[in-house]
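These notes are about the structure you will find just below.
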Amino acid sequence: MWFVLYIFLALPLLVVAYLELSTFRRKKMLNKFKGPSGLPLVGNAHQMGKNPTEILDTVFSWWHRYGKDNFVFWIGTYSNVLVTSTKYLEFILSSQTLITKSDIYQLTHPWLGLGLLTSTGSKWHKHRKMITPAFHFNILQDFHEVMNENSTKFIKHLKTVAAGDNIFDFQDQAHYLTLDVICDTAMGVSINAMENRNSSIVQAFKDMCYNINMRAFHPLKRNELLYRLAPDYPAYSRTLKTLQDFTNEIIAKRIEAHKSGAISTSAGDEFTRKKMAFLDTLLSSTIDGRPLNSKELYEEVSTFMFEGHDTTTSGVSFAVFLLSRHQDEQRKLFEEQREVMGNSELGRDATFQDISQMKYLDLFIKEAQRVYPSVPFIGRFTEKDYVIDGDIVPKGTTLNLGLVMLGYNEKVFKDPHKFRPERFNLEKPGPFEYVPFSAGPRNCIGQKFALLEIKTVVSKIIRNFEVLPSLDELVSKDGYISTTIGLPDAERKKRDPYRHKYDPVLSAVLTLKSENGLYIRLKERHISAERHQVSAQIRFTRCTDRLSVVAFKMWFVLCAFLALPLFLVTYFEFGLLRRKRMLNKFQGPSMLPVVGNAHQMGKTPTEILNRFFGWWHEYNKDNFRYWIGFYSNIMVTSPKYMEFILSSNTLISKSDVYDLTHPWLGLGLLTSTGSKWHKHRKMITPAFHFNILQDFHEVMNENSTKFIDQLKKVADGGNIFDFQEEAHYFTLDVICDTAMGVSINAMENRSSSVVQAFKDITYTIKMRAFSPWKRNEYLFRFAPEYPEYTRTLKTLQDFTNEIIAKRIEVRKSGLDSAIKPDEFSRKKMAFLDTLLSSTVDGRPLTSQELYEEVSTFMFEGHDTTTSAVGFAVYLLSRHPDEQKKLFNEQCEVMGASGLGRDATFQEISTMKLLDLFIKEAQRLYPSVPFIGRFTEKDYVIDGDTVPKGTTLNLGLLMLGYNDRVFKDPHKFQPDRFDRVKPGPFDYVPFSAGPRNCIGQKFALLEIKTVVSKIIRNFEVLPALDELVSKDGYISTTLGLPPAEKKKRDALIHKYDPILSASMTLKSENGLHLRMKQRLVRDST
């Protein structure tokens, strides 16, 4: 009923009105602080970014804008002050009453309860006093023995991981070491995480830490009640129970061991060891004259493990990463190790006293914590008004203490981006200018434990290995770190394009991490014994980013503003009644009012792709309908639907996602419709004639030769590299050469403005496709990245228009036939030359039409070909038997002595096995995973009425995994296309019908040309030898039944592709492989 809908829509209005009233006083008081201006209802939330990395960038940018001082910002009804002022820090950290943590810590309550991290008031004071003796000198010595034992195991493990000069993610390895140390010291048991990474308890720790970080940036999932409705809540509940049962079982057994007196014996099993664990100290302690109950024991043990694990991973990882980049400092540290330990005793464990004598190591760790503090922010919540340095901070405000900013303040640390451990000997910062372990009554109680662990493991690594950067050229030659955070915006923008993929991308939630890992290499030193250490930092105070609304002066203005969405929603709902009624006849997921199924889709292209496949299985691998807000969609996989849609001469309008390309491409062949599309399609078809394709093939061969030379450098020394990234620049060179007849040398000039513009514009289109607000052209103008987008767009427009103008001028002057060819007067026909010789309605094309078609050709022919070449070569690496067959075919077609020359147009056409291989690659990884059509009128398809205004998403990706058509679809079998021919609409990687891919022959020619040349020049190997497919099956789990997919996903390797589908299919984590050069000869 409409009455129910009105009530549902009015409820948010009343809630927002109530919240606005409750924040009025706070807004009035906080308006005296400087800070970014916000929007009604959302405050500054729209400016913050979508992930921890973007949010950290925004906060640093504001910090620079407001004089590197405190500033206020709002998210929703939550007021925040980012604190970096020394006077503020001193007041807050010294206060005996301002000790309540911010609400982000509530995410840890189901796991940790109210332990020392999250409790407040008298409970916190009593527990703090009770726990302090657990970090006494004598107990730390016991802990140090555990750290040495686990560090020795870690050294042995690293020798395996680093063998063969392998580049690896040290941050990932450190995670398991710190988990072993913290379980051993907290509860006196070993879980052997380094060896048993797939055990349920080890996975539970990893899953729980990830879950807390994920929920911190998800507005709905931060609410405990709403989170119970989330699809991942059941898995979270199981993870929570695993951790709770594990900890409670250990506590119960430990209590029993204490009662029986076994804890002091020498029996030495995991519950009767001599060394004191943190749990043993708690069992010997009292509060108010009574022992701790089971709940209190559980809370404090769990808190100790959480605080001491994740933060220490960060502390150890960044310290070792800095060793790799700063070789001079590493040499000084090694010399210190020799002085303290003695040359002949570098292989033994460092004693507690040895560690205390390592003064330069202490300076190194301090400097590492300055630039990469394990806890980047500390959150405090004001439960009453406070006067701080003359300013009134109102009750209900979160104070986010920016510890990560302090280290980049040049007022305190001269030349802050230079890594200089000696600075802490030369210039002593004030007591509240450098606080990586917090300060005052709520400082990190485990600071000594943490520093001992960090120093122990770093010391042992230095003695056992020479730590090297992932690539030799990444060594810092001038002492500066690669991180650009903390630099002024203009300088940062200038330096960011030169950052390497192995430079850390910082992410700040509860701890500081590198989103892309911390990649290094290790070269083993030759010393007498082998052991290793790790570091532990028990510090846990974190920050949240939450904001609200600018106050309105008059209540009726607020109400009017808030009522507007209600009227708009009502208006749209009326317009949708007919469509909803007709589409309810289709199977599909149940939906919510207003949002439809948007809440179920996921936030990233990968999550959305998984959701589509999940529904496809749920609805018997057939068509299904779903709604995104007011937009109705049908996912089409039925061959009869495919045939009708792709064969139609009227159902040719593209879906609205293609609107995102209009500012760049205009209305070219990809995006136009009606008579314009029909005329231009007819006019452009001759551009792909046999003779012109031969010209294009010459260009493809020229660029493929350059690509082979580039790959020889990249793959040298068995290096693991991302082939998808390399292919991007190759296909860009080919498409510019064939489209406009000019070379931009993208493979050599990756940082040129035009090359970067192509990369940026495709990224922006993909990013906007999954952002509801940014898909709207008008709203996108308010986005922070819009100015950069307009500059990128202008760079491409100016580049293309200039080439067109020069090409026209060359044709007018008759230089095309000149003997001396330059880039504008070459003999070979470019796509642009064909257009300049063509007419529409008896007239030549206008400049705008030329621009649209050339730009469209470059967009369609670049990104899609990158995908196709990338996945084809990746499949070569995983399926060596198929690769051998292809190499033998190359020898047969080219001749064993002619493998080094270019393949001719005719030779490419005779490579039948290569053709089958590309077909099979496109079945599994079609370059265009979905095609969108929009119904501008009602259509009757296979007896069903599809209403006007519906988007038909043709799931080309699903077709390849349909076991009704392709038997055993996850098995890579190129010869299946020789044995069983799929129906004309069962396999359509290049679309079909009147709107099929006009450049299909061009695309296949380019793919075959470059893949053929790669096979002849290289043996393509997987990133790691064990990743070879031994049974012919691919590692991709998409298309499997959900239960089987879940089981196999747990075994996915980091080098297995994570598929992402926007306009083209890509691997989110790249396509990593190796290449071994073949010795080929050119018969000429």
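Coordinate-derived values only; no laboratory data. Not measured: the values here are computed from a predicted model. Don't worry about glycine lacking a Cβ; one is built from the backbone with ideal geometry, like all the others, and counts go over all protein chains shown.
A simple count of charges around V412, restricted to other residues whose Cβ falls under 11 Å of its Cβ and scoring Lys, Arg +1 and Asp, Glu -1, yields +3. Determine the sum of side-chain charges near M29: Lys and Arg each +1, Asp and Glu each -1, restricted to other residues whose C-beta is under 11 angstrom from that of M29. For residues surrounding M29, the net value is +4.
Short-range pairs are left out: with C-alpha atoms under 8 Å and at least six residues apart, the relative contact order of the stretch 331-433 is 24 percent. Note on L1079 and W773: the model spin-label points, each 7 Å out from Cα along the C-beta direction, lie 6.2 nm apart. Each residue of the stretch 697-712 was assigned a 3J(HN,Hα) from its phi angle through the Karplus expression (A = 6.51, B = -1.76, C = 1.60, θ = phi - 60°), giving 5, 4, 5, 4, 5, 4, 6, 5, 4, 4, 5, 4, 4, 5, 5, 4 Hz with x at Gly and Pro.
Legend: residue pairs K884/K1013; K919/K981; K101/K428; K706/K884, Cα-Cα distance threshold 18 Å; pairs beyond threshold, K101/K428; K706/K884.
In loop segments of the stretch 99-197 as defined by DSSP, the trypsin sites (Lys or Arg not before Pro) with at most 16 further C-beta atoms inside 10 Å of their C-beta are R197. Helix 880-894 sits at what angle to the longest principal axis of the chain, using alpha carbons and giving 0 to 90 degrees rounded to 10? Its long axis makes an angle of about 30 degrees. From the convex hull of the Cα coordinates of the stretch 380-419, what is the mean projected area in square nanometres? Mean projected area of the Cα convex hull: 3.6 nm². Among the listed pairs K87/K411; K654/K766; K759/K1054, which are separated by more than 18 Å between their Cα atoms? Violating the 18 Å limit, Cα to Cα: K759/K1054. On the beta carbon distance between K206 and Q141, with R0 = 22 Å, the FRET formula returns roughly 0.15. Amide H to amide H, with H built 1.01 Å from N, F168 comes under 5 Å of I520, counting only residues 5 or more places away or on other chains. Judged by the mean number of other Cβ atoms found within 10 Å, the most tightly packed of the peptides 779-789, 696-706 leads the ranking 696-706, 779-789.
When averaged across all projection directions, what area in nm² does the alpha-carbon convex hull of the stretch 953-1084 cover?
Orientation-averaged projected area of the Cα hull: 11.2 nm².
Kindly state, to the nearest 0.05, the FRET efficiency for T910 paired with R964, given R0 = 51 Å and r defined as their beta-carbon distance. The formula returns an efficiency of 0.95 here. Mind checking the angle between helix 327-341 and the chain's longest principal axis? C-alpha axes, 0 to 90 degrees, to the nearest 10. Between the helix axis and the principal axis of the chain, the angle is about 30 degrees. Remark: the V412-D656 segment gains 82.6 nm on full extension, using 0.36 nm per residue and subtracting the alpha carbon distance. If the chain linking E335 and E524 were pulled fully straight, counting 0.36 nm for each residue of separation and taking away their Cα-Cα distance, it would gain 66.4 nm. Amide H contacts of E466: K523, E524, R525, each under 5 Å away and 5 or more positions distant or on a separate chain (H built 1.01 Å from N in the peptide plane; Pro and chain starts excluded).
Here is the P(r) of the stretch 396-528: all C-alpha pair distances, binned every 10 Å from 0, give 9, 29, 40, 19, 3, 0 in whole percents. Secondary structure note: in the chain, about 85% of the DSSP beta bridges are antiparallel.
Spacing of the modelled spin labels on L426 and I287, each 7 Å from Cα toward Cβ, amounts to 4.8 nm.
What does the net charge come to around N801 if you take all other residues with beta carbon closer than 15 Å to its beta carbon, with K and R at +1 and D and E at -1? Value of the local net charge: -3. Assuming charge only on the beta carbon of Lys and Arg (+1) and of Asp and Glu (-1), the dipole of the chain about its Cα centre is about 2180 debye to the nearest 20. Within the stretch 404-439, the GluC sites (Glu not before Pro) that combine a DSSP coil assignment with at most 12 other C-beta atoms in a 10 angstrom radius are E410, E427. In percent, rounded to a whole number, the relative contact order of the chain is 13, using alpha-carbon pairs under 8 Å and six or more apart.
Against the main long axis of the alpha-carbon atoms of the chain, helix 555-583 sits at an angle near 50°. Full extension of the chain segment joining K981 with T790 gains 64.0 nm, where the gain is 0.36 nm per residue of separation less the Cα-Cα distance.
FRET efficiency for D245 and D172, Cβ-Cβ distance as r, R0 = 30 Å, nearest 0.05? E(calc), rounded to 0.05, equals 0.70.
Between Y372, I388, C736, the Cα set farthest toward the positive side of the dipole of the chain (charges on each charged residue's Cβ, about the Cα centre) is that of I388. Once backbone amide H atoms are built at 1.01 Å from N, V83 has N400, L401, G402 as its partners under 5 Å, excluding neighbours fewer than 5 places away on the same chain.
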